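The values are calculated or read from the model by the stated rules, or taken from the named source; none is laboratory data. Nothing here was measured: the structure is a model prediction, and the numbers come from that model. All accessible areas refer to the heavy atoms of the entire protein, side chains included, with ligands and DNA or RNA removed. Shrake-Rupley method; radii C 1.70, N 1.55, O 1.52, S 1.80 Å.
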Amino acid sequence: LPFAEVIDCIAQYDACHPGTYFWFDLVCNNQHDSPSRPFEWWCTTFREGIRDIGRVVLCLTPWDNPTLITRAWCIWEVYSSVAAGV
């Protein structure tokens, strides 16, 4: 997913919800270091972080074949959001 499209998605959300703070996983969570964390961390601490934030914005682009559903990491984030009740 091109970075510009992610920023556009965030800008569109912010236009409807001004003053929103964004936790951007790419910046806040080192995905390349993820194997060093035990699975239990992902099932507890990671999900609790998502739950505490309270909302998730999905950038589903392109609309006819969203990149998000082709990446295991993204699917895990969606699953974790649902499991956290967000």
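If I take every Cα pair under 8 Å that is 6 or more residues apart in segment 34-86, average their sequence separation and divide by the length, what percent do I get for the relative contact order?
45 percent
Measure nothing fancy, just the Cα-based angle from helix 72-83's long axis to the longest principal axis of the chain, in degrees from 0 to 90, nearest 10.
80 degrees
Return the label of the correct value of Rg/Rh (Cα atoms, Kirkwood Rh), as calculated from the structure shown, out of [x] 0.96; [y] 1.01; [z] 0.99.
[x]
Enter the accessible area per residue of the chain (Å², integer; probe 1.4 Å; all protein chains in place).
72 Å²
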